[in-house]
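Just so it is clear, none of the values below were taken in a lab; they were calculated from the coordinates. Predicted model, so just to flag it, every value in this text is computed and none were measured. Using ideal geometry, Cβ is built from the backbone for each residue, glycine included, and neighbour counts are taken over all protein chains shown.
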Amino acid sequence: MFKKPLALVLAAVAAVSVSGCTAEAALPDKSSITVYAGRSEALIQPMVDQFTLDTGIEVEVRYAGSAELAAQLLEEGQNSPADVFFAQDAGALGAVAKAALLTKLPDEILGLVSPQYSAADGSWVGVSGRVRVFVYNPDTVASVPSSVFDLAEPEWQGRIAIAPTNASFQAFVTAMRVLHGEDKTLEWLRAMKTNAVIYEKNSAILEAVESKIVDAGLINHYYWFAMGREIGFENLTSRLGQFEARDVGNLINAAGVGIVSDSNAARSFVEYLLSQTGQQYFVDQTSEYPLISGIEAGVDLTPLSQIPAPDIDLSDLDSLEETLNLIREAGLI
């Protein structure tokens, strides 16, 4: 449920939609759309419901993991019933875009977000930012390692948690492949087979660190903030840390959307996610970073400009299958 009511200024959205109709007269008008969503239903469904209330456009959402939905879209091809793909990370979007299954977005949508958080070819656009972090128990971890590669050392055996089936972890591994090559990445993954405790979700990793089952884990930042809001930040035992500057473990990624079957309704949904209302929802309800100008991130979040992130083009995270092959070779899935 919403903690704060959403009130979309319909005139603003309608104005964008009407201008889009003028430029794209051939776009079909639809009263309903199907969205493949790799985001959590608990987080996203309230926004979807409000979108329907505000626009009259019905939305059927199919929830699953982003990588799973990307694979489904690739299998369905041009026969997919999906109108929009709402993914947890750039890698899953890129894999679908590489198969030419996403429509190029109009410039008025792409122009709302910095190019670094959208596809170079305009096939998808980021709607919220997230940062990979090292979550740890300060009672058992004296200092944050200088690099994510340090977690391959024997001293971390049984102490570090990862979620190999999670799309954000897979996108991080793809970034490692792009920046450091297949051999070094496979070596690290094999070390994780020995050292890491495996979980399915970021939230489970955080709970394990909080419960002192493991000393540390690799997650997205917003899980920690969500738990802090729920139980009180003063009651959290874990802390967040980041590796040294430009380390791949500090990857900034983006949840984003691409249009599979173009229509005014599909564009309206994307526009809604990038409206002030949609962006404020991500700030207030999911503790993610807004990606349009004029919306401030949560007061406790380090500005994206100050994150010691690696220098990488998110469009280069589209080689999902190669990453999955490496993770399988390492025996992690």
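Here is how the numbers come out for the structure above:
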| read-out | value |
| --- | --- |
| Segment 84-238: antiparallel DSSP beta bridges as a percent of all, rounded to 5 | 55 percent |
| Listed peptides 75-81, 203-209 by packing density, highest first (mean Cβ within 10 Å) | 203-209, 75-81 |
| Cα extents of segment 95-139 along the three principal axes, largest first (Å) | 50, 25, 12 |
| Rounded to 5, the percent of DSSP beta bridges in the chain classed as antiparallel | 60 percent |
| Choice from 53, 179, 73 showing the highest fluctuation, given a GNM over the chain with Cα pairs closer than 10 Å | 53 |
| Whole-Å semi-axes of the ellipsoid equivalent to segment 172-290 (Cα gyration tensor, √5λ, descending) | 30, 23, 13 |
| Helix-only [θ]222 nm of the chain, DSSP H runs n ≥ 4, -39500 (n - 2.57) each, per residue, nearest 500 | -11500 deg cm²/dmol |
| Sum of side-chain charges, residue 146 neighbourhood, beta-carbon under 12 Å (Lys, Arg +1; Asp, Glu -1) | -3 |
| C-alpha center-to-center spacing [segment 42-114, segment 143-176] in angstrom | 28 Å |
| Globularity ratio of the chain, using Cα Rg and 2.2 N^0.38 Å | 0.98 |
| Enclosed volume per residue, in Å³, of the convex hull spanned by Cα atoms of segment 232-328 | 172 Å³ |
| Positive minus negative residues near residue 123 (Lys, Arg vs Asp, Glu; Cβ under 11 Å) | 0 |
| By average C-beta atoms within 10 angstrom, highest first, the peptides 216-227, 322-333 | 216-227, 322-333 |
| Inter-site label distance for residue 107 and residue 121 at 7 Å from Cα along Cβ, in nm | 2.0 nm |
| With 10 Å bins from 0: P(r) over segment 209-279, alpha-carbon pairs, percent | 14, 30, 27, 21, 8 |
| Neighbourhood charge, 12 Å Cβ-Cβ cut-off, centred on residue 179 and excluding it, Lys, Arg +1 and Asp, Glu -1 | -2 |
| Computed E for residue 201/residue 29 - FRET, C-beta separation, R0 51 angstrom, nearest 0.05 | 0.85 |
| Residues whose placed amide H lies under 5 Å from that of residue 33, excluding near-sequence neighbours | 58, 59, 60 |
| Stretchable slack from residue 321 to residue 49, in nm (0.36 nm times residue separation minus alpha-carbon distance) | 94.6 nm |
| Segments 147-160, 129-142 sorted - mean Cβ within 10 Å per residue, highest first | 129-142, 147-160 |
| Segment 290-301 - phi-based ³J(HN,Hα) in whole Hz, Karplus 6.51/-1.76/1.60, Gly and Pro as x | x, 10, 9, 6, x, 10, 8, 6, x, 4, 8, 8 |
| Percent breakdown of C-alpha pair distances by 5 Å bin, ordered from the shortest bin, for segment 281-327 | 4, 16, 18, 16, 16, 14, 11, 4, 0 |
| Normalised convex hull volume, segment 143-183, alpha-carbon set, Å³ per residue | 97 Å³ |
| Phi-based couplings in Hz for segment 229-238 (Karplus 6.51, -1.76, 1.60; Gly and Pro marked x) | 5, 6, 10, x, 4, 5, 9, 6, 8, 8 |
